[in-house]
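For reference, the structure discussed in these notes is given below.
The values are calculated or read from the model by the stated rules, or taken from the named source; none is laboratory data. Keep in mind that this is a model prediction, so the values were computed, not measured. Methodologically, a virtual Cβ is constructed for each residue, glycine included, from the backbone with ideal geometry; neighbour enumeration extends over all protein chains shown. To get the accessible areas, we keep the full protein, side chains included, count just its heavy atoms, and leave off ligands, DNA and RNA. Shrake-Rupley method; radii C 1.70, N 1.55, O 1.52, S 1.80 Å.
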Amino acid sequence: MRRLKSIHGEWSSGTAFFLSATGAVVGLGNIWKYPYIAGQHGGGAFLLVYLLSMFVVGLPLLMAELLLGRRGRGSPPSALRDLAADEGQWRAWSGVGFFAVLAGLLILSFYSVIAGWGLDYIWMSAAGTYKGASAGQVQGLFSALNDTPWRLMAWHSLFMVMTVAVVARGVRQGLERVARLFVPLMFILLAFLDLYAAVAGNLVKAAAYLFDPDFSAVNGKTVLIALGHAFFTLSLGVGTMLAYGAYLPERVSVFRASLWIILADTCAGLLAGMAIYPLVFAHDLPSMQGPGLIFTVLPMAYGHSPYGGVFGVMFYTVLVLAAWTSAIALLEPAVAWWVEMGISRAKAALALGFAVWLLGLVTIMSFSVWSGVLILGHTWFGLLDAVTGNVMLPVVGLLVAVFAGWMMTGRSLRQELSWSRGVFRIWLTVIRYVTPVAMLLVLLNAMGLIRGGI
Ligand code: TRP
């Protein structure tokens with residue numbers, strides 16, 4: 001059965017959808033992960049492997065989530081339940097949607113705390129706090145922030161309020177409005193940061209790090225890292241694209257939209273790399289990834305560059321914008337699901353936002369007071385990150401591929417992907433045979449079950 005509209009409304013245009021989806025996929029991963037893993041694993045050679053991974057895992061799965069969402073026209077649990085019923089499959093498939101929504105909320109609980117770091121650094125940049133500071137002093141500023149739970153709590157609260165306020169307004173008045181304004185702004189700011197880094201930093205060394213192809217650095221592990229990142233950076237496995245697909249107008253091509261989203265996401269990673277590494281190398285600072293790069297190495301670089309404060313403010317603003325549009329995308333599937341159960345959107349956003357906020361407090365405490373409390377060898381923050389990223393997301397990705405490839409009839413699929421038989425056949429073969437195997441490898445590797453895992 002083909003459903004016409006979701007009860008949540010519809011994106012007002014293909015562009016509105018593209019910007020919202022781009023906001024969802026461009027997040028912290030693009031900024032603090034892609035540039036580093038590319039540099040470490042062969043630069044241009046990694047880019048090639050990564051683009052190949054995009055076509056084996058990223059594109060087929062992104063298309064699968066979008067088309068299932070559009071056909072189911074509801075939040076992930078409802079869409080999968082209805083589709084399973086239509087196709088005469090087991091209704092327990094709905095559980096995959098539930099699991100995805102849960103993963104999204106868990107991720108949001110720490111994503112918001114990290115975004116809070118970003119907010120604090122906008123402030124510190126504006127105030128000139130790290131201007132001219134030594135490595136030890138910059139490190140000290142970051143430790144001091146994490147040792148001050150109330151300060152983290154204030155930013156985390158502000159960020160959750162910003163997120164809930166948008167989701168509560170709904171698809172057109174909330175999600176789409178923020179994306180139309182702030183996603184282009186984010187790219188414009190990134191472009192300015194690139195120009196600045198090109199002038200004030202070591203452009204040649206950074207370009208060599210990111211783009212010089214070194215094929216000797218590529219091995220089996222590189223491929224697994226590229227596959228894993230392709231999947232994570234497209235925000236797959238948390239139901240976001242299922243939910244965003246549910247609001248997709250009939251006339252928009254899932255295939256074309258997916259290609260554009262992948263292009264924008266890849267550009268964001270490259271632009272971020274070219275904003276960060278010229279400065280890092282100009283000051284002979286170590287290249288690294290994650291929080292260390294963004295909150296200790298980069299402030300050193302800005303702190304010793306002309307007008308570093310202004311561009312620091314700009315950089316952390318980009319970080320917060322990237323996190324904000326992703327946070328909205330993490331909350332939306334759960335809120336849509338509650339709305340379908342008869343709760344008003346505002347109430348659902350508030351209640352779920354509050355629960356996530358509470359959970360975020362545990363992450364905050366795990367940075368200081370509870371940093372000694374280890375569960376399976378991880379702090380709470382580390383545990384959440386590992387369980388969601390290494391287990392929940394790949395499991396959902398695998399099951400979505402199986403559902404789209406094996407549980408749906410060819411006729412239903414073709415109605416959603418209305419292009420030539422040849423291209424359809426290729427997609428179907430990949431989503432049936434290649435994507436699940438690749439997802440399984442990513443899962444086993446992430447769980448440390450493949451020898452020499454990362
Ligand atoms: N893609 C985001 C990034 O690169 C992270 C992410 C994973 C995400 N799953 C998501 C964001 C779901 C929004 C929704 O940082």
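Give the residues of region 214-224 that are of a type outside the set (Asp, Glu) and open to solvent by 20 Å² or more (accessible area, probe 1.4 Å), sorted by residue number.
Once the filter is applied, which keeps residues that are of a type outside the set (Asp, Glu) and open to solvent by 20 Å² or more (accessible area, probe 1.4 Å), region 214-224 yields PHE215, SER216, ALA217, VAL218, ASN219, GLY220, LYS221, VAL223, LEU224.
How many residues, within region 89-116, are open to solvent by 10 Å² or more (accessible area, probe 1.4 Å) and either in contact with a strand residue (DSSP E or B) (Cβ under 8 Å, 6 or more places away or on another chain) or of a type outside the set (A, V, I, L, M) (or both)?
Residues in region 89-116 being open to solvent by 10 Å² or more (accessible area, probe 1.4 Å) and either in contact with a strand residue (DSSP E or B) (Cβ under 8 Å, 6 or more places away or on another chain) or of a type outside the set (A, V, I, L, M) (or both): 10 in total.
Give me the residue from region 1-31 that is away from the ligand (no atom under 16 Å from the Cβ) and part of a helix (DSSP H, G or I) and, out of that set, surrounded by the fewest Cβ atoms within 10 Å (Cβ to Cβ).
Among those that are away from the ligand (no atom under 16 Å from the Cβ) and part of a helix (DSSP H, G or I), it is THR15.
Could you list all residues from region 32-46 that are surrounded by 22 or more Cβ atoms within 10 Å (Cβ to Cβ), within 16 Å of the ligand (Cβ to nearest atom) and aromatic (Phe, Trp, Tyr)?
TRP32, TYR34
Which residues, counting only those in region 64-123, are on the phi > 0 side of the Ramachandran plot and not basic (Lys, Arg)? Show your work before the answer.
First, the residues of region 64-123 that are on the phi > 0 side of the Ramachandran plot: 73, 88.
Matches in region 64-123: GLY88 only.
Being farther than 18 Å from TYR244 by Cβ and within 16 Å of the ligand (Cβ to nearest atom) narrows it down to one of TYR111, TYR50, so name that one.
Only one candidate qualifies: TYR50.
Restricting attention to region 117-149, and to residues there that are β-branched (Val, Ile, Thr) and assigned to a helix (DSSP H, G or I), which single residue is least open to solvent (accessible area, probe 1.4 Å)?
VAL138
Only one of these is of a type outside the set (Gly, Ala, Ser), more than 30 Å from LEU145 (Cα to Cα) and either part of a helix (DSSP H, G or I) or out of contact with any helix residue (DSSP H, G or I) (no Cβ under 6 Å at 6 or more places or on another chain) (or both): ASN390, ASN445. Name it.
Numbers: ASN390 fails: more than 30 Å from LEU145 (Cα to Cα).
Criteria check complete, one pass: ASN445.
Please work out which residue is surrounded by the most Cβ atoms within 10 Å (Cβ to Cβ), limiting yourself to region 400-454 and to residues that are β-branched (Val, Ile, Thr) and over 17 Å from VAL56 (Cβ atoms).
The residue in question is ILE450.
Filter region 246-268 down to residues that are buried (at least 23 other Cβ atoms within 10 Å of the Cβ) and within 14 Å of the ligand (Cβ to nearest atom), then give me how many there are.
3
Being assigned to a helix (DSSP H, G or I), open to solvent by 10 Å² or more (accessible area, probe 1.4 Å), more than 14 Å from the ligand (Cβ to nearest atom) and of a type in the set (A, V, I, L, M, F, W, C), is that true of even one residue in region 57-66?
If we filter region 57-66 for residues that are assigned to a helix (DSSP H, G or I), which is where we start, we get 57-66.
So of that shortlist, the ones also open to solvent by 10 Å² or more (accessible area, probe 1.4 Å) come out as 59.
Next cut, more than 14 Å from the ligand (Cβ to nearest atom) only: 59.
So of that shortlist, the ones also of a type in the set (A, V, I, L, M, F, W, C) come out as 59.
Yes: one or more hits.
Which of the residues belonging to region 269-296 are within 14 Å of the ligand (Cβ to nearest atom) and not in a helix (DSSP H, G or I)?
Residues satisfying the conditions are GLN289, GLY290.
Any chance you could count how many residues in region 353-399 are open to solvent by less than 10 Å² (accessible area, probe 1.4 Å) and more than 17 Å from the chain's Cα centre (by Cα)?
6
Matching residues to (1) over 21 Å from VAL178 (Cα atoms); (2) not in a helix (DSSP H, G or I):
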site: LEU298; (1), (2): yes, no
site: ALA301; (1), (2): yes, no
site: GLY312; (1), (2): yes, no
site: TYR316; (1), (2): no, no
site: ALA329; (1), (2): no, no
site: PRO333; (1), (2): no, no
site: TRP338; (1), (2): yes, no
site: GLY342; (1), (2): yes, yes
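State whether the residues of region 151-158 include one that is of a type in the set (Gly, Ala, Ser) and open to solvent by 30 Å² or more (accessible area, probe 1.4 Å). Break it down into steps so the answer makes sense when it comes.
Here is the first cut: in region 151-158, the residues of a type in the set (Gly, Ala, Ser) are 154, 157.
Narrowing further to those that are open to solvent by 30 Å² or more (accessible area, probe 1.4 Å): 154, 157.
Among the residues of region 151-158, at least one is of a type in the set (Gly, Ala, Ser) and open to solvent by 30 Å² or more (accessible area, probe 1.4 Å), which makes the answer yes.
Can you find even one residue in region 183-193 that is free of Cβ contacts under 8 Å to residues at least 24 places away in the same chain, aliphatic (A, V, I, L, M) and more than 14 Å from SER109 (Cα to Cα)?
Yes, region 183-193 contains a residue that is free of Cβ contacts under 8 Å to residues at least 24 places away in the same chain, aliphatic (A, V, I, L, M) and more than 14 Å from SER109 (Cα to Cα).
Quick one: which of ALA179, ALA243, ALA230 is at pLDDT below 95, among the aliphatic types (A, V, I, L, M), within 16 Å of the ligand (Cβ to nearest atom) and part of a helix (DSSP H, G or I)?
Selected residue: ALA230, the only one of ALA179, ALA243, ALA230 that is at pLDDT below 95, among the aliphatic types (A, V, I, L, M), within 16 Å of the ligand (Cβ to nearest atom) and part of a helix (DSSP H, G or I).
Read through the list (1) at pLDDT below 95; (2) more than 16 Å from the ligand (Cβ to nearest atom), then give the number of the only condition that MET124 fails.
Tallying (1) at pLDDT below 95; (2) more than 16 Å from the ligand (Cβ to nearest atom), MET124 fails exactly one: (1).
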